[in-house]
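The values are calculated or read from the model by the stated rules, or taken from the named source; none is laboratory data. Everything quoted here is computed from the prediction, not taken from an experiment. So basically every Cβ, Gly included, is an ideal-geometry build from the backbone, and we count neighbours across all protein chains shown. To get the accessible areas, we keep the full protein, side chains included, count just its heavy atoms, and leave off ligands, DNA and RNA. Shrake-Rupley method; radii C 1.70, N 1.55, O 1.52, S 1.80 Å.
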Amino acid sequence: MTFQNPFFTRREWIAFALLTVLIVVVFPLALDAFRLNLIGKYLTYAFVALGLVLCWGYGGILSLGQGVFFGLGGYCMAMFLKLESSSPENTAIQSTPGIPDFMDWNQITELPFWWEPFNSLGFTILAVIAVPVFFAFIIAFAMFTRRVGGVYFAIITQAIAAILTILIIGQQGYTGGVNGITDLRTLLGWDIRTDEAKTILYFVNAALLLGCLLLAQLVKITKFGRLMIAIRDKEDRVRFSGYNVSGFKIFIFCFAAALSAVGGAMFTLQVGFMSPSFVGIVPSIEMVIFAAVGGRLSLFGAIYGALIVNYAKTVFSETFPELWLFAMGGLFIAVVMLFPNGIAGLFRTHVEPFFTRMFSGLDRRQAGTGAADASPAE
């Protein structure tokens, strides 16, 4: 019995196995704790890239504001960690012990009511997903039910990223302002600043990423995934066929927001802070570059794109700190003009056919040798 729509093709199973070995075995064995934590930080961006592959590559919805959802997820986790590190014992020198230090600096004398629920880890985990998804739903419902799409939607999401950044910076007493929420120390009493803790969090991050990859693949291979491709290519035809196009777009946009939020929460845990610098226009555009370089039609390519671009960003920023933004822009332009399907497209177009020809030629030679050996002696 053969399956019409397998979860993974044979090539994809091999790609999944190689990716798993790379991030679970090779990186931990080959890198020290500092570099491994740096790779873990790169992998948190891969969550966003996965969502963009589904949202942009398969749905045709280009969002230039994914940093909003990445930041919201990160801020939710940071609020819990900050409250845990702001116990009355740890903040005894403040004029108002028991509240985050930045609130005390801004002469706030009691914890705001909307901070209170973040004393619970269970509520925080729920909020990491629910808050960004709710925010994404409001945006998507307002836009897609009015058939706003294309470049107009991209510009609106970019404007929302700018607005949220300004709001976070302006409400310094409640959000930490431009510095963000810093000095995060423990998770339920477990010190997350040690090398051992960062290594454990790396593996948690890797496991979540692989799980989200499988979940995204499940969405892609279903009828829903095929309809998203149809909406991307012929939206009016799908609408005239009786499907609720806006509903499909709202779901995929919210799903991408949820993936971004998980990445933001893991970023906060691994790096130890969250600030508005990860919410605004520039980081949101960088996240699109991750998906574009990896291949906006490839889930695996999105992860490799996040790793490669962030590694290049680290190298450029260390070597040429005044030129790395130009290098990032040039990389994006080169990808769009020279190989629009990214690294995954190059692999499918050039590398894979080469190995196919090589192995098929080897099989033919072996078959010919076998036939010669089997021929009767003269």
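Just give me the residues in region 174-184 being at pLDDT 90 or above and surrounded by fewer than 19 Cβ atoms within 10 Å (Cβ to Cβ), in sequence order.
174, 177, 178, 179, 182
Taking the residues in region 40-91 that are within 20 Å of residue 131 (Cβ to Cβ) and of a type in the set (S, T, N, Q) as candidates, determine which candidate is farthest from the chain's Cα centre (by Cα).
Among those residues, the one meeting the criterion is 63.
Out of all the residues in region 92-112, which are under 34 Å from the mean Cα position of the chain (by Cα) and of a type in the set (S, T, N, Q)?
106
If you take the residues in region 112-132 that are in a loop (DSSP other than H, G, I, E, B) and open to solvent by less than 30 Å² (accessible area, probe 1.4 Å), which one is farthest from residue 257 (Cα to Cα)?
Taking the candidates together, the pick is 112.
List the pairs whose first member sits in region 176-191 and is farther than 12 Å from residue 84 by Cα and of a type in the set (Ser, Thr, Tyr), whose second member is part of a loop (DSSP other than H, G, I, E, B) and open to solvent by 60 Å² or more (accessible area, probe 1.4 Å), and whose Cβ atoms are under 6 Å apart, counting only residues at least 6 apart or on separate chains?
182/273
Could you please give the count of residues in region 188-203 that are closer than 21 Å to residue 118 by Cα and open to solvent by 30 Å² or more (accessible area, probe 1.4 Å)?
Number of matching residues: 5.
Taking only pairs six or more apart or across chains, which ones have beta-carbon atoms under 6 Å, a first residue in region 42-57 that is within 16 Å of residue 344 (Cα to Cα), and a second residue that is part of a helix (DSSP H, G or I) and among the β-branched types (Val, Ile, Thr)?
Qualifying pairs under 6 Å: 46/303; 54/252.
Tally up the residues in region 90-111 that are of a type in the set (Asp, Glu) and assigned to a loop (DSSP other than H, G, I, E, B), please.
Number of matching residues: 1.
Hey, could you check region 4-39 for residues that are in a loop (DSSP other than H, G, I, E, B) and farther than 15 Å from residue 221 by Cβ and say which is most open to solvent (accessible area, probe 1.4 Å)?
Only one residue tops the list, namely 32.
If only one of 63, 87 is of a type in the set (S, T, N, Q), touching a residue at least 12 places away in the same chain (Cβ under 8 Å) and in a loop (DSSP other than H, G, I, E, B), which one is it?
Selected residue: 63, the only one of 63, 87 that is of a type in the set (S, T, N, Q), touching a residue at least 12 places away in the same chain (Cβ under 8 Å) and in a loop (DSSP other than H, G, I, E, B).
If residue 42 satisfies every condition in (1) open to solvent by less than 40 Å² (accessible area, probe 1.4 Å); (2) touching a Phe, Trp or Tyr at 6+ places or on another chain (Cβ under 8 Å); (3) not in a helix (DSSP H, G or I) but one, which is the exception?
(3)
Taking the criterion of being in a helix (DSSP H, G or I), out of contact with any Asp or Glu (no Cβ under 8 Å at 6 or more places or on another chain) and farther than 30 Å from residue 32 by Cα, would at least one residue in region 197-216 satisfy it?
At the first step, the residues of region 197-216 found to be in a helix (DSSP H, G or I) are 197-216.
Applying the additional criterion that residues be out of contact with any Asp or Glu (no Cβ under 8 Å at 6 or more places or on another chain) yields 198-216.
Checking the rest, the ones that are also farther than 30 Å from residue 32 by Cα come to 215-216.
Yes, some residue in region 197-216 is in a helix (DSSP H, G or I), out of contact with any Asp or Glu (no Cβ under 8 Å at 6 or more places or on another chain) and farther than 30 Å from residue 32 by Cα.
Please work out which residue is most open to solvent (accessible area, probe 1.4 Å), limiting yourself to region 309-331 and to residues that are of a type outside the set (A, V, I, L, M) and more than 21 Å from residue 39 (Cα to Cα).
326
Could you run through region 68-100 and say how many residues are more than 30 Å from residue 48 (Cα to Cα), touching a Ser or Thr at 6+ places or on another chain (Cβ under 7 Å) and crowded, with 19+ Cβ neighbours inside 10 Å? Give the derivation first.
Within region 68-100, the first condition is being more than 30 Å from residue 48 (Cα to Cα), and the residues that meet it are 86-99.
Still in the list and also touching a Ser or Thr at 6+ places or on another chain (Cβ under 7 Å): 96-99.
Narrowing further to those that are crowded, with 19+ Cβ neighbours inside 10 Å: 99.
Total satisfying the criteria: 1.
Given 334, 306, which one is in a helix (DSSP H, G or I) and open to solvent by 10 Å² or more (accessible area, probe 1.4 Å)?
Of the residues listed, the single one that is in a helix (DSSP H, G or I) and open to solvent by 10 Å² or more (accessible area, probe 1.4 Å) is 334.
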